[in-house]
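First up is the structure itself, then whatever we jot down about it.
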Amino acid sequence: GFPVCSYRVTCETPLLHPNISWAGGICLSVLRDHWEPSTTLSAVTLGLQALLQQPNFGDPLNHDVADYATAKGEPAGMALMTQALQGGDFLGHEVAPNPGCGPNP
């Protein structure tokens with residue numbers, strides 16, 4: 001158990017993100033490869049914040065999103081991510097709107 005095993009962190013809100021699976025799993029190195037018993041919740045939170053701000057397309061968990069975004073290239077890939085903030089159906093999955101970005105901000 002904890003602290004020998006890492007925190008179990010999931011995303012309850014479906015996101016269009018290459019490092020978050022449709023089921024809510026999160027691909028974050030501090031939770032797997034770089035886990036140490038001394039890892040703090042603050043370090044995990046900062047890692048999540050960085051991951052949300054800068055998706056890691058080189059180590060995707062959600063290959064559908066990574067493949068779609070990289071195949072579209074710029075600026076279409078960025079447009080997809082921007083559109084995702086408004087929520088809706090993406091690649092057959094319902095994505096919740098980001099607060100303040102939906103049809104009624």
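Where residues in the range 16-36 are assigned to a loop (DSSP other than H, G, I, E, B) and of a type in the set (A, V, I, L, M), which of them is surrounded by the fewest Cβ atoms within 10 Å (Cβ to Cβ)? Let's see the steps before the verdict.
Initial filter on the range 16-36 (assigned to a loop (DSSP other than H, G, I, E, B)): 16-19, 21-24, 27-28, 32-36.
The next check asks that each one be of a type in the set (A, V, I, L, M); those that pass are 16, 23, 28.
Numbers: Leu16: 24, Ala23: 10, Leu28: 23.
Among those residues, the one meeting the criterion is Ala23.
Only one of these conditions is not met by Leu48: (1) closer than 22 Å to Leu85 by Cβ; (2) of a type in the set (A, V, I, L, M); (3) touching a Ser or Thr at 6+ places or on another chain (Cβ under 6 Å). Which number is it?
It fails just one condition, (3).
I need every pair where a residue in the range 16-42 that is more than 17 Å from Pro55 (Cβ to Cβ) has its Cβ under 9 Å from the Cβ of a residue that is of a type in the set (A, V, I, L, M) and surrounded by fewer than 17 Cβ atoms within 10 Å (Cβ to Cβ), sequence separation at least 6 or different chains.
Every condition considered, the pairs that remain are Pro37/Val4.
Going by what's in this entry, would Val44 be described as of a type in the set (Val, Ile, Thr) and surrounded by 14 or more Cβ atoms within 10 Å (Cβ to Cβ)? Before you say what the answer is, go through the steps one by one.
Working: of a type in the set (Val, Ile, Thr): yes; surrounded by 14 or more Cβ atoms within 10 Å (Cβ to Cβ): yes.
So Val44 passes the test.
From the list Thr39, Thr13, which residue is in a loop (DSSP other than H, G, I, E, B) and surrounded by 12 or more Cβ atoms within 10 Å (Cβ to Cβ)? Steps first, please.
Values: Thr13 fails: surrounded by 12 or more Cβ atoms within 10 Å (Cβ to Cβ).
On inspection, the qualifying residue turns out to be Thr39.
Within the set of pairs 6+ apart or on separate chains, which have a first residue in the range 78-105 that is closer than 21 Å to Phe57 by Cα and aliphatic (A, V, I, L, M), a second that is part of a strand (DSSP E or B) and modelled with pLDDT of 65 or more, and C-beta atoms under 7 Å apart?
Matching pairs, first to second residue: Ala84/Phe90; Ala84/Val95; Val95/Gly88.
From the list Val65, Val4, which residue is of a type in the set (A, V, I, L, M, F, W, C), exposed (fewer than 10 other Cβ atoms within 10 Å of the Cβ) and either at pLDDT below 90 or in a loop (DSSP other than H, G, I, E, B) (or both)? So that I can check it myself, show each step before the final result.
Working: Val65 fails: exposed (fewer than 10 other Cβ atoms within 10 Å of the Cβ).
Of the residues listed, the single one that is of a type in the set (A, V, I, L, M, F, W, C), exposed (fewer than 10 other Cβ atoms within 10 Å of the Cβ) and either at pLDDT below 90 or in a loop (DSSP other than H, G, I, E, B) (or both) is Val4.
Within the range 15-44, count every residue that is more than 27 Å from Gln83 (Cβ to Cβ) and among the β-branched types (Val, Ile, Thr). So that I can check it myself, show each step before the final result.
The first filter runs over the range 15-44 and keeps only residues more than 27 Å from Gln83 (Cβ to Cβ), leaving 29-44.
Filter once more, so that each one left must be among the β-branched types (Val, Ile, Thr): 30, 39-40, 44.
Residues in the range 15-44 being more than 27 Å from Gln83 (Cβ to Cβ) and among the β-branched types (Val, Ile, Thr): 4 in total.
Need pairs with beta-carbon distance below 7 Å; first residue more than 18 Å from Arg32 (Cβ to Cβ) and within the range 55-69, second charged (D, E, K, R) and part of a helix (DSSP H, G or I); sequence gap 6+ or separate chains.
Correct list of pairs: empty, since none qualify.
The values are calculated or read from the model by the stated rules, or taken from the named source; none is laboratory data. Because the structure is a prediction, the values reported are computed rather than measured. FYI the Cβ positions are ideal-geometry reconstructions off the backbone, even for glycines, and counts take in every protein chain you see.
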